[in-house]
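*Asks:* What follows is a single structure, and I will ask about it in a moment.
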Amino acid sequence: MARVYTEPERTLEVSGAYDVVVAGGGIAGVAAGIAASRNGASVCLLEKEYALGGLATLGLVIAYLPICDGRGRKVCGGLAEELLLLSAAEGAGEVPDCWLPGGNPAERVKHRYYLEYNAASYILALERILVDLGVTILYDTRCCAVMGTDRVEALVVENKDGRTAIECRTVVDATGDADLCAFAGEPTVSLATNSASGWYYSLVDGRPSLHKLYQPFDPAGAVVMPGADRGYAGDDAGEVTAHVLASRNLIRDHQRELKEQNPESRVLPFLIPTFPGFRMTRRLVAEVEVDADDGKEYPDSIGLISDWRRRGPVYSIPLRAIRAPRHPNLFVAGRCISATGHGWDMTRVIPPCAVTGEAAGTACAMIAAAAGTAGAAAAGTRGAGAGTGDVEIAALQDRLRQQGNRLFLSELEPARS
């Protein structure tokens, strides 16, 4: 029997109250925070690291994957496109000429709407946009419990202030690992099939190079592929550490190879990831699980995405895949939405993270506004039952369209051959 200690019962101070609390500052969380704030909500974004962007910045996975379908059609608009353009700002990335205003439409079939960017520039840009919107960012803050039964009333967090509670009308789980869903008792699925990976920069005689290192990975997450040393789970402390150590061993081995290939040169690791390179860890199980093989167009669609691995397919994401079934004011965004198999692999990358984040943040702001004057929570006037209102799907869809999103295939331009 395991040894245990019993903590004394304690009362938690309420350290803040907001219309929308977003847990996780990756691309999904940033998009949720921006959308909620622009729709009039008071917003707090919680991030355990000291920078925004998650795997897209701290993980050095600096590929903003396509927001087009490979047949010349832009699929993702709204914040998915805005954040792509932000990643390229001030020369940090290069948008294909054909996708710029006045670009050649015929060339868009040959060149997907995709780019690579500078991680440091993107960290600064993402932070600036949230600060300018008045979003409260709390770095070095980890969520460790959810308060409430049939709705989330507060998140218990820990940071330099100790252990406190932050009240909320609504909440977005953008942790990447569905942590809030697990704390709240929502149904989840976990995978232990993640392989080691580590993108990093080296210097060879002062010349920087990006190296994309990873062991074989099953896009459906079903098995550990031959050639991978083992699979790792992302919802277990020991497994997370083991994954990080194995990923850094990839970098050490690659450094030795570079030195052998360049015996007369000075070879140094220049920049290594400070964020674990997990792909699919734990996610919500909701009424609908997005599957890349079903090809369905959902009536409650909150956005369209393309398949970054294949040209052609376009998929809709339903509201039911980003809303927790047991807590109506809890939404998810990013790689912890309700998706399965290749659908999970397809929805875990930057553009779908931005699409689901914008939808979740917008829905939360609309619910908060319906429950009372937006911003009332921050003023300490939440009141019993605040935040229990619903969001009407047609109204949410209209709002998302106004924000530049496409929701159905009929809203896209005709595909080119």
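*Asks:* Within region 229-251, identify whether any single residue is more than 20 Å from the chain's Cα centre (by Cα) and among the basic types (Lys, Arg), and answer yes or no.
*Replies:* Yes, some residue in region 229-251 is more than 20 Å from the chain's Cα centre (by Cα) and among the basic types (Lys, Arg).
Condition check ((1) farther than 21 Å from GLY77 by Cβ; (2) in contact with a Ser or Thr (Cβ under 8 Å, 6 or more places away or on another chain)) across all residues:
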residue: SER316; (1), (2): no, yes
residue: ALA321; (1), (2): no, yes
residue: HIS327; (1), (2): yes, no
residue: CYS336; (1), (2): yes, yes
residue: THR347; (1), (2): no, yes
residue: PRO352; (1), (2): no, no
residue: THR356; (1), (2): no, yes
residue: MET366; (1), (2): no, no
residue: ALA370; (1), (2): yes, no
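*Asks:* Taking interchain pairs and intrachain pairs at least six residues apart, which have beta carbon atoms under 9 angstrom, with the first residue in region 107-131 and farther than 10 Å from ILE62 by Cβ and the second acidic (Asp, Glu) and open to solvent by less than 50 Å² (accessible area, probe 1.4 Å)?
*Replies:* ARG112/ASP69; TYR113/GLU81
*Asks:* Further question on the same structure: Among all residue pairs at least 6 apart or on different chains, which show Cβ distances below 8 Å where the first residue, located in region 152-173, is more than 18 Å from THR11 (Cβ to Cβ) and outside any strand (DSSP E or B) and the second is of a type outside the set (A, V, I, L, M, F, W, C) and modelled with pLDDT of 95 or more?
*Replies:* Matching pairs, first to second residue: VAL152/THR170; VAL152/HIS327; VAL152/ASN329; LYS160/ASP140.
*Asks:* Is it true that SER209 is hydroxyl-bearing (Ser, Thr, Tyr) and surrounded by fewer than 20 Cβ atoms within 10 Å (Cβ to Cβ)?
*Replies:* yes
*Asks:* If ASP398 satisfies every condition in (1) modelled with pLDDT under 95; (2) closer than 30 Å to ARG108 by Cα; (3) among the acidic types (Asp, Glu) but one, which is the exception?
*Replies:* The failed condition is (1).
*Asks:* For region 1-46, give me each residue that is buried (at least 18 other Cβ atoms within 10 Å of the Cβ) and assigned to a helix (DSSP H, G or I).
*Replies:* Selection gives ILE27, ALA28, GLY29, VAL30, ALA31, ALA32, GLY33, ILE34, ALA35, ALA36, SER37.
*Asks:* So how many residues does region 194-220 have that are touching a strand residue (DSSP E or B) at 6+ places or on another chain (Cβ under 8 Å), within 19 Å of VAL61 (Cα to Cα) and in contact (Cβ under 8 Å) with a residue 12 or more places away in the chain?
*Replies:* 18
*Asks:* Let me ask you something else. Can you run down the residue pairs with Cβ atoms below 8 Å, 6 or more apart or on separate chains, where the first is in region 138-151 and open to solvent by 50 Å² or more (accessible area, probe 1.4 Å) and the partner is aromatic (Phe, Trp, Tyr)?
*Replies:* Here the result reads TYR139/TYR50, each pair linking region 138-151 to a residue that is aromatic (Phe, Trp, Tyr).
*Asks:* Could you list all residues from region 117-128 that are in contact with a strand residue (DSSP E or B) (Cβ under 8 Å, 6 or more places away or on another chain) and assigned to a helix (DSSP H, G or I)?
*Replies:* Of everything in region 117-128, those that are in contact with a strand residue (DSSP E or B) (Cβ under 8 Å, 6 or more places away or on another chain) and assigned to a helix (DSSP H, G or I) turn out to be ALA119, TYR122, ILE123, LEU126, GLU127.
*Asks:* Please give the number of the condition VAL223 fails out of (1) under 23 Å from the mean Cα position of the chain (by Cα); (2) free of Cβ contacts under 8 Å to residues at least 60 places away in the same chain; (3) under 23 Å from GLU289 (Cβ atoms); (4) open to solvent by 20 Å² or more (accessible area, probe 1.4 Å).
*Replies:* Evaluating VAL223 over (1) under 23 Å from the mean Cα position of the chain (by Cα); (2) free of Cβ contacts under 8 Å to residues at least 60 places away in the same chain; (3) under 23 Å from GLU289 (Cβ atoms); (4) open to solvent by 20 Å² or more (accessible area, probe 1.4 Å) leaves (1) as the failure.
*Asks:* Let me ask something additional. Just to be sure, is VAL131 assigned to a strand (DSSP E or B), modelled with pLDDT of 95 or more and out of contact with any Lys or Arg (no Cβ under 9 Å at 6 or more places or on another chain)?
*Replies:* Spelling it out, it is not the case that VAL131 is assigned to a strand (DSSP E or B), modelled with pLDDT of 95 or more and out of contact with any Lys or Arg (no Cβ under 9 Å at 6 or more places or on another chain).
The values are calculated or read from the model by the stated rules, or taken from the named source; none is laboratory data. Computed from a predicted structure; not experimentally measured. Positions of Cβ are backbone-derived with ideal geometry, glycine not excepted, and every protein chain shown enters the neighbour counts. Just so you know, the surface numbers come from the protein's heavy atoms only, side chains and all, with ligands and any DNA or RNA stripped out. Shrake-Rupley method; radii C 1.70, N 1.55, O 1.52, S 1.80 Å.
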